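Engineer: First the structure, which I've put down as C-alpha cells, then a few questions once you've had a look.
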C-alpha cells in the first residue's frame, strides 16, 4: 500500500466521495496498481479550461486568482485582498473552510443585494444542468458561507448547443446562465453531515468494502474501474449487448460469467451471442448476404470521415459539439475484385477545412457511384451539414447521400456473425474476425477519439518532424478504415461465391 496522503478535502474529492466512498479512499490511498493512460480525460480537462476562460468574458474586467505560481495560502490571501479592496468581479476566487479548498469560477459582487453579498457562477462545458452540478455548487456554498461570505444567488453557466458562430464568438449567445439558487440551498442543508461522513471514510485504515455497481459510471466514469473491476472475467455478463436485463442484478446473484446466464431469460439476440461465444459458433445467412451485395453497384467508393467537435465552435457556421469533418479516406473500385485506388484528404491545422474537403470529395466520387460507408448515419450527417453550409454544392452532395449504402448492415442484422465479435458490429471487432491478418492493434492512432485528439494536437504544433509524424499516423489510420471496408466486402463476395458454386 502506498503512503497515506493528507486529510484535506477539495470539491473534486467530495464529489468523488458522493459517487463512491471507495473512490475517495483510493484517491487518498493510491493502490499499487498499473492504471492505463486516460488521454480522453486530459483532452476533456483542456477543453473545460478553455470554456471557463471564455466564460469570464460574460463579466469582463475581473481579476484572476491564478492557480499556477501561487501556493494555496497565497491564493487564499489574494482572494481576501481582492474582496477587501472592493473588487467587483473575481475569477477563480479561492476559499478554504474546515480544511476544504475550493475555487469559484466567477464571483460577482451583488450591487442589488442587501449588505455585502455576491453572486456565484459555476461554468460547465455541458449543455444543461445536471444533478451533480448542483452538488458541485452546494459544496462551494458550504465553504464560502463558512468563510463568512454571503451568496445571494447561484448560477450554472452552460453551453447553448443551438448557438451558431457568425464571426467572433458571442459569449452572451454561446452561454446560458441558469439560476439554481433554490435547488442548491436544498442540497446545502445536508453538506455538514456529508463532509463528516467523508472525513471518516478517509481515516479508515482499510479499503471500504464497496462492490462494483452503476455508481462506477454515474455521474462520471470512475478512474478506478480498472482496479475495482479486475476480478471480472473477459467473457462476463457485462459484455452482453442489448437491453432488457439488469446485469448488476445477475452479478449480485453471483452470476458473472456468460456460461452461468439462464438462457431462457434472454432475448433471441442475446441468447445467440452467449451460445456463439461459448461454442465458438459462426453463422452466415447466405441469401441475406446475396441480397445485400445485389443492392450495391460499381464503381464503389468506400468512404470514411474523421471529425472533431468542440464546446466552443471553431469556425463560422458551426455549433457547439457539431461534428466537423477534417479528413476523409476513399478506396474506389471500378468492378468487383478490382485493385482499389486510394484518395485522401487531411486538413491543414487551424484552417476551416470544409470547402476544400467537399470540393475534393465531389471530384473523387462519380455522381453515379455507390458510396459505401460503415455506419451510414454518421457519414450522412456530415454530408448534410456540408450541404447546408455550401448550398452551391447541395445538389451534388444530395446525389452522394442518395447513393450511400451501409456495410454495417449485414453485421448489425447478424446476417454474418463470427463468435469473436462478441455481440458487437463495430468495424474494430468485425475486421479481425473477418480478416485476421488486418488489425488496428499496432496503429499509433487506433480509433476515432484518438484521431480527434490528434487533430487538436496538430493544431497546437509548429511545423516540423513531430507534426509530420502525426499527420502520417492520422492518414494511416483513416486509410485503414476504408481498406478494411474493401477487405470485408471481399469476404462477403467470397461467401456469396461459395454459395453459388
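Read-outs throughout are calculated quantities, based only on the coordinates presented, and are distinct from any laboratory measurement. None of the values given here were measured: they were computed from a predicted structure. Cβ sites come from the backbone with ideal geometry, for glycine too, and all protein chains shown count toward neighbours.
Engineer: Give me the extension gain from residue 186 to residue 44: residue separation times 0.36 nm, minus the current Cα-Cα distance, reported in nm with one decimal.
Structural biologist: Value of the extension gain: 48.1 nm.
Engineer: By what distance, in whole Å, do the Cα atoms of the stretch 9-201 stretch along each of the three principal axes, largest value first?
Structural biologist: 49, 40, 36
Engineer: Determine, at each q value in 0.10 (inverse angstroms), the log₁₀ of I(q)/I(0) that the Debye formula gives when each Cα of the chain is one equal point scatterer.
Structural biologist: Log10 I(q)/I(0), no solvent term: -1.00.
Engineer: Let me ask another. Of the DSSP beta bridges with both residues in the chain, give the percent that are antiparallel, rounding to the nearest 5.
Structural biologist: 65 percent
Engineer: Would you mind pulling out the separation of the Cα centroids of the stretch 140-217 and the stretch 317-375, in Å?
Structural biologist: What the calculation gives is 42 Å, centre to centre.
Engineer: Output the peptides 211-224, 142-155 sorted from most to least packed, where packing is the average of other Cβ atoms within 10 Å over each peptide's residues.
Structural biologist: 142-155, 211-224
Engineer: What distance in nm separates the simple spin-label points at residue 145 and residue 245, each placed 7 Å from Cα in the Cβ direction?
Structural biologist: Label at residue 145, label at residue 245, 4.7 nm between them.
Engineer: Residue 360 to residue 99: FRET efficiency via 1/(1 + (r/R0)^6), r the Cβ-Cβ distance, R0 51 Å, to the nearest 0.05? Please report the intermediate quantities before stating the final value.
Structural biologist: Working: r = 59 Å, r/R0 = 1.15.
The computed FRET efficiency comes out at 0.30.
Engineer: Give, in nm to one decimal, the length gained when the segment between residue 70 and residue 424 is fully stretched (0.36 nm per residue of separation minus the Cα-Cα distance).
Structural biologist: 122.5 nm
Engineer: With the Cα gyration tensor of the stretch 195-320 in hand, give its eigenvalues times 5 under a square root as the equivalent ellipsoid semi-axes, listed largest first in whole angstrom.
Structural biologist: 39, 30, 12
Engineer: Taking only Cα atoms, what is the 0 to 90° angle, nearest 10, from helix 448-460's long axis to the longest principal axis of the chain?
Structural biologist: Result, in degrees: 60.
Engineer: Turning to a different aspect of this structure: Which whole-angstrom value gives the distance between the alpha carbon centres of the stretch 418-483 and the stretch 62-124?
Structural biologist: For the stretch 418-483 versus the stretch 62-124, the Cα centre distance is 44 Å.
Engineer: Right, here's the next one. Separation between the residue 339 and residue 231 pseudo-spin-labels, each 7 Å from Cα along Cα→Cβ, expressed in nm?
Structural biologist: The answer from the label model is 5.8 nm.
Engineer: Diagonalise the Cα gyration tensor of the stretch 262-364 and give the resulting equivalent ellipsoid semi-axes, square root of 5 times each eigenvalue, largest first, whole Å.
Structural biologist: 38, 25, 11
Engineer: By how many degrees, 0 to 90 and rounded to 10, does the Cα axis of helix 465-500 deviate from the longest principal axis of the chain?
Structural biologist: That helix lies at roughly 40 degrees to the long axis.
Engineer: Additional query: Arranged from highest to lowest average of other beta-carbon atoms within 10 Å per residue, in what order do the peptides 288-301, 472-485 appear?
Structural biologist: Going by the mean number of other Cβ atoms within 10 Å, highest first, we get 472-485, 288-301.
Engineer: Given C-alpha coordinates of the stretch 152-194, what is the ratio Rg to Rh with the Kirkwood estimate of Rh?
Structural biologist: Over the Cα atoms of the stretch 152-194, Rg/Rh equals 1.22.
Engineer: Report the FRET efficiency, 1/(1 + (r/R0)^6), for residue 12 and residue 269, where r is their Cβ-Cβ distance and R0 is 35 Å, rounded to 0.05. All intermediate terms of the calculation are to be shown ahead of the outcome.
Structural biologist: On the way: r = 40 Å, r/R0 = 1.14.
Given R0 = 35 Å and the Cβ-Cβ separation, E is 0.30.
Engineer: Please give the length that would be gained between residue 257 and residue 280 if that part of the chain were fully extended, namely 0.36 nm times their separation in residues minus their C-alpha to C-alpha distance (nm, one decimal).
Structural biologist: Values: separation 23, 0.36 × 23 = 8.28 nm, distance 1.55 nm.
Gain on stretching residue 257 to residue 280: 6.7 nm.
Engineer: Then there's this: Enter the angle in degrees (range 0 to 90, nearest 10) between the Cα long axis of helix 268-279 and the first principal axis of the Cα atoms of the chain, meaning the one along which they spread out most.
Structural biologist: For 268-279 against the chain, the angle is about 80 degrees.
Engineer: Would you calculate the convex hull of the Cα atoms in the stretch 287-500 and tell me its volume per residue in Å³? Walk me through the intermediate numbers first.
Structural biologist: Values: hull volume 27.1 nm³, N = 214.
So the per-residue hull volume is 127 Å³.
Engineer: Tell me the label-point distance for the pair residue 152, residue 494, using the 7 Å Cα-to-Cβ offset, in nm and rounded to one decimal.
Structural biologist: The answer from the label model is 7.4 nm.
Engineer: Å³ per residue of the Cα convex hull, for the stretch 231-281?
Structural biologist: 72 Å³
Engineer: Classify the stretch 355-474 as rounded, prolate or oblate, taking a ≥ b ≥ c as the square roots of the eigenvalues of its Cα gyration tensor: rounded when a/c is under 1.5, otherwise prolate if a/b is larger than b/c and oblate if not.
Structural biologist: Values: a/c = 2.40, a/b = 1.07, b/c = 2.25.
Here the stretch 355-474 falls in the oblate category.
Engineer: Please rank 243, 109, fewest neighbouring Cβ atoms within 10 Å first, as an exposure proxy.
Structural biologist: Details: 243 7, 109 16.
By the 10 Å Cβ count, ascending, the order reads 243, 109.
Engineer: Please report, to two decimal places, log10 I(q)/I(0) for the stretch 121-236 at q = 0.21 Å⁻¹ as given by the Debye formula with identical point scatterers on the Cα atoms and no solvent.
Structural biologist: One equal scatterer on each Cα of the stretch 121-236 leads to -1.17.
Engineer: Average projected area of the Cα convex hull of the stretch 56-154, in nm²? Kindly include the intermediate steps, with their values, before the conclusion.
Structural biologist: Values: hull surface 26.9 nm².
If you wrap the Cα atoms of the stretch 56-154 in a convex hull and average its projections, you get 6.7 nm².
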